[in-house]
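Student: Before I ask anything, let me first share the structure, which is written out below as structure tokens.
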Amino acid sequence: MIFVLLAVSGKNWEPEAALYEFEIDGCQVWRQGDALRYGRGRVHDDSGFSASLPEQPSWSAAEIEIRTLLAEFRPILSSLTPRSVDINLRIGLTVGSSTAYVSSITFPVDLLAELATAKVNVSVTGYPTSDEPTGDPSQ
């Protein structure tokens, strides 16, 4: 499975105002000083928003969703480029079983160009398919 999250964050800006201006709904919003979701008492040091895409069974399906997201968010991303915000596309891959194994993903040049033009950082992280131990536990 492939999971994709677009996160935009920075200091001294109003994420709600930007989302309202560009009529974008369905985003998770946080403010500087809000408690981190899994932060054990820590708080956000910036403000921002994130948009999650539905999980996809393949990279080709995820790539289509990413392109659709970039098209939808193009106006807001263009307006944010001159500001001091970080724009991050986080891609998570489950690996480890024959049904969920992804050996590699390839970013077409035009997608990379679009991400670069929008000043979007990209991270790709692999996650185990399950937390259950495999093999002989004595080893």
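The values are calculated or read from the model by the stated rules, or taken from the named source; none is laboratory data. What you see is a predicted model, and the numbers here were worked out from it, not measured in a lab. Neighbour counts run over all protein chains shown; Cβ positions are idealised from the backbone, glycine included.
Student: Please pick out the residue among 38, 20, 127, 101 that is on the phi < 0 side of the Ramachandran plot, modelled with pLDDT under 95 and assigned to a strand (DSSP E or B).
Tutor: Answer to the check: 127.
Student: Applying the selection to segment 2-17, what residues are in a loop (DSSP other than H, G, I, E, B) and on the phi < 0 side of the Ramachandran plot?
Tutor: 11, 13, 14
Student: Return yes or no: is residue 74 in contact with a Phe, Trp or Tyr (Cβ under 9 Å, 6 or more places away or on another chain), basic (Lys, Arg), closer than 23 Å to residue 2 by Cα and at pLDDT 90 or above?
Tutor: No, not satisfied.
Student: Another one. Which residues, taken from segment 60-75, are over 19 Å from residue 119 (Cα atoms) and surrounded by fewer than 18 Cβ atoms within 10 Å (Cβ to Cβ)?
Tutor: Hits for segment 60-75 are 60, 61, 64.
Student: Kindly establish whether residue 14 is farther than 22 Å from residue 115 by Cα, surrounded by fewer than 16 Cβ atoms within 10 Å (Cβ to Cβ) and not basic (Lys, Arg).
Tutor: Yes.
Student: Given the conditions (1) within 26 Å of residue 93 (Cα to Cα); (2) buried (at least 16 other Cβ atoms within 10 Å of the Cβ); (3) touching a residue at least 24 places away in the same chain (Cβ under 8 Å), which single one is not true for residue 28?
Tutor: (2)
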